[in-house]
Amino acid sequence: MKNSLNLLLEQSFKDNWDYPALSDYKGITLNYRDVARRIEKLHIVYEMLGVKKGDKISLCSRNQANWGVVFLSAITYGAVAVPILHEFKPGNIHHIVNHSESRVFFVGDIVWEQLNESEMPNLDAVIQINDFSILYCKNIKVRETREHLNELFGKKYPKNFRAEHLKYYEDQPQELSMINYTSGTTGFSKGVMIPYRALKSNVDFAKEVQPHLNNTSNVVAMLPTAHMYGMMFEFLFEMTVGAHVHFLTRIPSPKIIMDAFAEIKPDIVVSVPLIIEKIYKKKLQPIINKTAIRVLLRLPVIDQKIEKRIKLELIKTFGGKFYEVIIGGAAFNREAELFFRKIGFPFTVGYGMTECAPIITYAPWHNTRLYSCGKVVPRMELKIDSRDPAKIPGEIMCRGENVMLGYYKNREATDQVLTSDGWLHTGDVGVIDSDGYLYIRGRSKSMILGPSGQNIYPEEIESIINNMQYVVESLVIEEGGLLSALVYPDFEQAESDGINESVLNKKMEEIRVAVNEELPNYSKIQEIRIFPEEFEKTPKRSIKRYLYQRTDL
């Protein structure tokens with residue numbers, strides 16, 4: 001087969017015509033033939049609108065089966081998909097639609113209620129993603145086309161629509177497939193231009209490391225598909241192998257996730273650390289912290305039996321059928337990682353970024369190393385900008401098939417991160433051992449310079465704080481040359497334990513003292529302040545640090 005993503009999708013649809021493709025959890029299920037029919041109907045609408053190859057089609061809604069239909073309809077037509085996170089503020093959504101020069105905009109009903117079409121004057125049509133009804137159009141013929149779409153479809157395929165009718169746009173490697181807007185953890189929104197070669201390389205990588213996935217496999221899509229990590233490894237890759245994707249369609253709380261895992265029994269689990277850590281803290285820590293269990297865990301023979309029981313319980317929590325849990329998107333809690341590794345739980349930590357669509361490093365769970373995020377993946381190169389990459393942290397740089405074309409209509413930002421010979425400055429800092437395993441030390445932009453020039457990585461301190469009782473998450477900031485920590489407490493647990501605000505403040509001081517015992521003098525925390533709400537996150541659930549770098553919190 002030619003090196004075309006769309007031709008790969010076309011063949012997958014033909015091969016898996018009668019198998020389930022996309023489901024809304026507790027809702028509809030579309031087989032591959034149903035998805036193909038909907039894609040073809042949308043192509044008829046695009047033709048009526050005069051959409052040309054390379055035109056932009058935006059989509060903004062919660063995760064759902066029709067989101068997948070729209071995304072696939074855009075790229076298989078030869079248009080450029082522009083996924084927008086539905087949690088973005090209305091002004092940001094207006095800006096992305098305008099900046100991307102989108103002609104068509106698919107939107108969820110709840111999102112649309114907050115938007116104003118007059119703020120997006122270049123749009124030819126706005127289409128409701130739930131039922132494909134026309135919300136706004138410049139040409140009345142578009143509305144007529146939608147009203148008679150089934151009739152038009154029937155005329156085009158009078159003897160029924162069959163697999164052999166599929167003929168998708170044959171993409172070229174360097175061609176633009178999508179623009180993914182992301183604010184990132186340290187800046188403002190940029191449109192990452194993803195070429196087809198990057199999508200195809202990521203799909204090929206996933207097929208190489210997960211060869212067991214096929215048309216009998218199930219995957220729970222709980223990460224936002226508007227973000228590269230969820231879109232690639234919980235949706236697009238699965239579509240190329242005939243797997244069945246179940247969209248959660250709701251906020252992934254630990255209970256909802258565990259209920260879905262128990263019912264669907266996924267063959268692979270893709271997650272961000274925050275979700276895994278919540279399950280660890282709610283389900284495992286209370287067991288581990290019991291005095292009797294802690295004593296027994298020190299006895300070697302009993303220790304192994306208890307660990308096996310905990311491992312089996314944890315595997316059951318994730319559905320019991322999966323090959324491995326892949327964690328990425330942010331730093332993983334070191335205590336949780338150590339415990340999971342000790343009990344032999346099948347998980348691995350990878351590393352990537354939107355600009356690489358997204359994968360950079362990975363290792364299978366049985367061949368990885370503690371606190372590492374694996375080795376550079378095929379078709380990519382990696383280097384550390386340091387005189388001693390194994391010992392002295394430096395900026396992580398990469399190049400290869402996965403790397404973006406640049407930032408849309410932003411040459412200055414592109415030139416800041418892409419060198420003339422193709423190396424991408426990731427903005428992350430790490431070291432790499434003699435066997436090629438990468439260890440992340442932090443974000444170069446979030447790094448704080450210590451009093452004598454020491455490099456302080458807030459993420460490492462936060463990892464310690466986040467292990468403490470009554471802490472949900474934390475953020476370390478610099479104030480007047482000193483380090484402070486903002487802590488969002490577990491108010492629910494505190495209330496359950498009868499702890500009032502005064503006592504909780506005392507607990508925070510105890511935490512500060514305990515944390516400082518594990519830190520060198522130059523990175524000790526001077527103060528912990530309670531933050532009343534969860535920190536604002538990027539699509540990959542990293543804290544938007546730039547929002548909190550001030551002293552009036």
Seminar exercise, completed: With criteria (1) under 30 Å from His94 (Cβ atoms); (2) at pLDDT 95 or above, Ala206 comes up short on (1)
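Restricting the range 98-126 to residues that are of a type in the set (Gly, Ala, Ser) and more than 25 Å from the chain's Cα centre (by Cα), which is modelled with the highest pLDDT?
Ranking the qualifying residues of the range 98-126, first place goes to Ala125.
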Exercise. Out of the range 22-36, which residues are buried (at least 17 other Cβ atoms within 10 Å of the Cβ) and either of a type outside the set (S, T, N, Q) or modelled with pLDDT under 95 (or both)?
Worked result: Leu22, Asp24, Tyr25, Leu30, Tyr32, Arg33, Asp34, Val35, Ala36
Seminar exercise, completed: Leu85: passes all of (1) closer than 19 Å to Val142 by Cβ; (2) touching a Pro at 6+ places or on another chain (Cβ under 6 Å) but (1)
Seminar exercise, completed: Residues of the range 94-115 being buried (at least 24 other Cβ atoms within 10 Å of the Cβ) and more than 13 Å from Gly191 (Cβ to Cβ), in sequence order, are Val104, Phe105, Phe106, Val107
Problem set entry | the range 325-364 - residue that is out of contact with any strand residue (DSSP E or B) (no Cβ under 6 Å at 6 or more places or on another chain) and of a type in the set (Phe, Trp, Tyr) and, of those, nearest to Met232 (Cα to Cα) | Tyr362
Exercise. Can you name the condition, by its number, that Phe161 falls short on among (1) out of contact with any strand residue (DSSP E or B) (no Cβ under 9 Å at 6 or more places or on another chain); (2) at pLDDT below 95; (3) assigned to a loop (DSSP other than H, G, I, E, B)?
Worked result: (2)
For this session: Kindly indicate whether Ala226 is buried (at least 20 other Cβ atoms within 10 Å of the Cβ), part of a helix (DSSP H, G or I) and touching a residue at least 24 places away in the same chain (Cβ under 8 Å).
Result: no
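Which of the strands (runs of 3 or more DSSP E) contained wholly in the range 354-442 include at least 2 residues that are touching a helix residue (DSSP H, G or I) at 6+ places or on another chain (Cβ under 9 Å) and of a type outside the set (Val, Ile, Thr)?
Numbers: elements: 359-362, 380-385, 394-400, 424-432.
Per the criteria, 394-400, 424-432.
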For this session: Can you tell me which residue among Ile511, Ile528 is surrounded by 16 or more Cβ atoms within 10 Å (Cβ to Cβ) and out of contact with any strand residue (DSSP E or B) (no Cβ under 6 Å at 6 or more places or on another chain)?
Result: Ile511
For this session: Given the conditions (1) surrounded by 18 or more Cβ atoms within 10 Å (Cβ to Cβ); (2) under 19 Å from Val272 (Cβ atoms), report the number of the one that Val403 does not fulfil.
Result: (2)
Problem set entry | Criterion (outside any strand (DSSP E or B) and buried (at least 17 other Cβ atoms within 10 Å of the Cβ)) met by exactly one of Ser73, Ser118 | Ser73
For this session: Among the numbered conditions (1) surrounded by 14 or more Cβ atoms within 10 Å (Cβ to Cβ); (2) at pLDDT 95 or above; (3) assigned to a helix (DSSP H, G or I); (4) out of contact with any Gly (no Cβ under 6 Å at 6 or more places or on another chain), tell me where Ala262 comes up short.
Result: (1)
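When residues of the range 339-353 are filtered for being in a loop (DSSP other than H, G, I, E, B) and either assigned by TED's automatic domain parsing to the domain that holds Gly191 or touching a residue at least 40 places away in the same chain (Cβ under 8 Å) (or both), how many remain?
Here is the first cut: in the range 339-353, the residues in a loop (DSSP other than H, G, I, E, B) are 343-346, 350, 353.
Retained after the next criterion (residues that are either assigned by TED's automatic domain parsing to the domain that holds Gly191 or touching a residue at least 40 places away in the same chain (Cβ under 8 Å) (or both)): 353.
Here the count works out to 1.
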For this session: Scan (1) in a helix (DSSP H, G or I); (2) modelled with pLDDT of 95 or more for the single condition His95 breaks and write down its number.
Result: (2)
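The values are calculated or read from the model by the stated rules, or taken from the named source; none is laboratory data. Quick caveat, the model's predicted, so the values are computed rather than measured. A quick note on method: Cβ atoms are made from the backbone with ideal geometry, for glycine too, and the neighbour counts reach across all protein chains shown.
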